Amino acid sequence: MEGRFFRLRWRLLALVAALLVSWLAVVLYAQADERAAAIAAVHREEMLLLRIITSNQAAQIEAGRQMLEAIARAPQLVARENSACNALLAKMLAASPMYVNIGVADRDGKVWCSAVPFSSTVDVSDRSYFKRAMETRRFAVGTYQIGRITLAPSLNFAHPIVGQGGQIEAVAFVAQSLNWFTVALARTDFPAGAILVVTDSNGTVLARIPDAENFAGNPLPDSELRAALTDVRASGVFEAHDAAGMRRLWATTSVADFGLHVAIGVPRAAAFADIDRRLQSQLAVLGVATTLALLAAWLGGGFILRQVDALVAATRR
């Protein structure tokens, strides 16, 4: 009797355990599907935000290009009238709060016209925007810099001015304020805990939301993100740790062909917050159900065995 009693109990326990393990497997499988769907949803939202941001940035760059083309046709510039050119650019700068300076340099890189006054010779021949405009003979976007006239951080756009003989006679440039750039980006409605990073073609941070003041002008500190941006180069989604060690779901894209990259990262834990709460609730229910089922199997085994023995005895009689 005693041996049969324990054998029946263990069989009931094994049956209950098998059912509970199957239930747990279904719950975990469903969770895996939900997590994959959550990741896909986060990346879709990120890419939508990036399209809006890069579209705005491309529009700003296009506005700078159009301004430079207008400057190139200005009579004051064609006649190389310094005082008249300075006055013209100062007037244009006053109407353009996104810029910290507008200027013109000769083919050797010496600035001769500027909206912001300067006293000594200013040479920009080593600046990336100037070299690119001279080499490509078309509109160019530079990299992070501190202006030699304004002493302000900026991203410069340049356009070559070609003379009648086909030679580049000068390069007109505008310096976009990175502070204004950051303020404009901060107006975007980001997901909770998200990080937005804009880098130039050298991987230098132009803007970062939040904490722009602590990152702008420095190399991207997030090693995994830096490596991913180098690999992706155009657009893509991936996972990487940020500088603080937090695992994030990243999406990145480039701004046309201007060498700028924009990336947005959402905490992985935040993406799974609702799913994790549901999983905890389900596991709590499963734990209670497991306890009750095992207890019922253990206590009910004796009752079942007594009923079976009574039935056998009645049958014999």
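Assorted remarks:
- Among residues of region 188-204, those that are under 19 Å from residue 259 (Cα atoms), buried (at least 21 other Cβ atoms within 10 Å of the Cβ) and not hydroxyl-bearing (Ser, Thr, Tyr), counted: 3
- Residue tally, condition open to solvent by 40 Å² or more (accessible area, probe 1.4 Å) and of a type outside the set (Phe, Trp, Tyr), over region 91-119: 11
- Of all residues in region 141-176 being open to solvent by 20 Å² or more (accessible area, probe 1.4 Å) and of a type in the set (Gly, Ala, Ser), the one that is modelled with the highest pLDDT: 152
- Just so you know, in region 205-214 the residues that are part of a helix (DSSP H, G or I) and more than 22 Å from residue 157 (Cα to Cα) include one that is least open to solvent (accessible area, probe 1.4 Å), and it is 214.
- Region 183-199 - residue that is within 14 Å of the chain's Cα centre (by Cα) and not aliphatic (A, V, I, L, M) and, of those, nearest to residue 151 (Cα to Cα): 199
- Residues located in region 120-134, provided they are open to solvent by 80 Å² or more (accessible area, probe 1.4 Å) and modelled with pLDDT under 90: 121
The values are calculated or read from the model by the stated rules, or taken from the named source; none is laboratory data. Computed from a predicted structure; not experimentally measured. Cβ coordinates were reconstructed from backbone atoms using ideal geometry, including for glycine residues, and neighbour counts include every protein chain displayed. Protein only, heavy atoms only, side chains kept; ligands, DNA and RNA dropped before computing areas. Shrake-Rupley method; radii C 1.70, N 1.55, O 1.52, S 1.80 Å.
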